[in-house]
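Here the structure is laid out as structure tokens; the discussion comes afterwards.
The values are calculated or read from the model by the stated rules, or taken from the named source; none is laboratory data. Since we're looking at a predicted model, the values are computed, not measured. Here the Cβ positions follow ideal geometry from the backbone for every residue, glycine too, while neighbour counts run over all protein chains shown. With ligands, DNA and RNA removed, areas are computed over all heavy atoms of the protein, side chains included. Shrake-Rupley method; radii C 1.70, N 1.55, O 1.52, S 1.80 Å.
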Amino acid sequence: IEIVLLLLLFFEGLGTHTHHYYQRMERINKKKKFVKNGLFYAELDEFLKRELAEDGYAGCEVRVTPKNTQVVIKATRTDKVLGENPKGRRINELTSVVQKRFNFPDGGIEVFADRVKSRGLSAMAQCESLKFKLASGLAVRRACYSVLRFVMESGAKGCEVSVSGKLRAQRAKTMKFKDGYMIKTGFPAVFSVDTAVRHVYMKQGVLGLKVAIMLPTEGIIEKWGPGTIKCMQPDTIEVY
């Protein structure tokens, strides 16, 4: 009975305290609650994606506690996210912006920075890297192969880099660069493939970039958490 009561209190807290984007203690339709949670996360992710593009932004996680809401920013260069002179200045600014935008009370939201263990296994970080390489004038083929090589050296099972748009001539086309093993269908493609999409604005037009990384077991555990998902693929055969 105690466990059931605790769960009820937890889920009630989720509905009313997720963030002050909607009113505290307001009874809200379940569908509207999920839509508002999704809008909150999408807007927050888009803001951080633009603000921290140069600092290796690799996604964020929103955790709801009874006391406040916590936002964990995953990045490859956490020192840049935290800020210098004085230390922690930039993350305090980010906290202030998010607090004012979504009407959180003082202390109602906390923003943390978490370092990504392997930069080569983060599709977002590699997509941003490719974006800056192309924007700086590096040839498409050379930039894509450098990303592909770095990802495979980091221990990935496979990698695919796609660039589409006006690459050389006026006619738009898509170039794909592959290495290793990559699955496209089924549930394993959801949990074992990390994908990111970015757009780079070139003189001749917009180029679309897509990086897909087939994660090893360690990468899957880092992304989804230990014990949350079965890392082995359904067609794997073990011989004893």
Top-ranked residue of the stretch 51-61 - restricted to ones that are crowded, with 16+ Cβ neighbours inside 10 Å and touching a residue at least 24 places away in the same chain (Cβ under 8 Å), ranked as farthest from A123 (Cα to Cα): E51
Residues of the stretch 130-151 that turn out to be open to solvent by 60 Å² or more (accessible area, probe 1.4 Å), of a type in the set (A, V, I, L, M) and under 19 Å from T217 (Cα atoms), as a count: 0
Long-range neighbours under 6 Å by Cβ, at least six apart or interchain, first residue more than 17 Å from F47 (Cα to Cα) within the stretch 78-101, second in a loop (DSSP other than H, G, I, E, B): R89/G83
Residue count for the stretch 172-199, restricted to those that are assigned to a loop (DSSP other than H, G, I, E, B), open to solvent by 20 Å² or more (accessible area, probe 1.4 Å) and not β-branched (V, I, T): 6
Odd one out for S154, checked against (1) out of contact with any Asp or Glu (no Cβ under 6 Å at 6 or more places or on another chain); (2) buried (at least 19 other Cβ atoms within 10 Å of the Cβ): (2)
Filter result for G83 (out of contact with any Pro (no Cβ under 7 Å at 6 or more places or on another chain), modelled with pLDDT under 85, farther than 18 Å from S129 by Cα and surrounded by 14 or more Cβ atoms within 10 Å (Cβ to Cβ)): yes
In the stretch 55-91, the residues that are part of a helix (DSSP H, G or I) and under 23 Å from L39 (Cα atoms): I91
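On the given criteria, is T95 modelled with pLDDT under 85, open to solvent by 20 Å² or more (accessible area, probe 1.4 Å) and β-branched (V, I, T)?
Working: modelled with pLDDT under 85: no; open to solvent by 20 Å² or more (accessible area, probe 1.4 Å): yes; β-branched (V, I, T): yes.
Against the criterion (modelled with pLDDT under 85, open to solvent by 20 Å² or more (accessible area, probe 1.4 Å) and β-branched (V, I, T)), T95 does not qualify.
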Residues of the stretch 200-216 classified as under 13 Å from S162 (Cβ atoms) and either among the small types (G, A, S) or in a loop (DSSP other than H, G, I, E, B) (or both), total: 2
Candidate set from the stretch 38-54 (those that are aliphatic (A, V, I, L, M), in contact with a helix residue (DSSP H, G or I) (Cβ under 9 Å, 6 or more places away or on another chain) and in a helix (DSSP H, G or I)); member that is farthest from E128 (Cα to Cα): L44
